[in-house]
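Have a look at the structure below, then the notes.
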Amino acid sequence: TTAAALERFTVNFTITNLPYTSDLENLDSAKFRATRRVMNTLLDRLLKESSIGPVFHGCETTDFRYG
């Protein structure tokens, strides 16, 4: 058997109740790591319950930006 090919996709959205600070620019900051952990958990739950759930393998937050 062969492994199924993974396809990456990007999701961009605005979080209106998360005040942006410069700590979110630093991938090594505690604020970035904690926020990334929460976002990954919430997005994983959401997407696993969606139509792509059966083939979804997890998400990875890459950055936060002011906007």
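Quick grid of which residues meet (1) open to solvent by less than 70 Å² (accessible area, probe 1.4 Å); (2) assigned to a loop (DSSP other than H, G, I, E, B):
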| site | (1), (2) |
| --- | --- |
| N17 | no, yes |
| F32 | yes, no |
| R37 | no, no |
| N40 | yes, no |
| L43 | yes, no |
| L46 | no, no |
| S51 | no, yes |
| T61 | yes, yes |
| G67 | no, yes |
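Taken together, the residues in segment 38-67 that are among the hydrophobic types (A, V, I, L, M, F, W, C), farther than 16 Å from I15 by Cβ and touching a helix residue (DSSP H, G or I) at 6+ places or on another chain (Cβ under 9 Å) amount to 2. Criterion applied to D23, D28 was being open to solvent by 90 Å² or more (accessible area, probe 1.4 Å), more than 22 Å from R8 (Cβ to Cβ) and either at pLDDT 90 or above or not in a loop (DSSP other than H, G, I, E, B) (or both), and the one residue passing it is D28.
The values are calculated or read from the model by the stated rules, or taken from the named source; none is laboratory data. What you are looking at is a predicted structure, and each value in this text was computed from that prediction instead of being measured. FYI the Cβ positions are ideal-geometry reconstructions off the backbone, even for glycines, and counts take in every protein chain you see. Side chains are part of the model used for accessible areas, which takes the heavy atoms of the whole protein and leaves out ligands, DNA and RNA. Shrake-Rupley method; radii C 1.70, N 1.55, O 1.52, S 1.80 Å.
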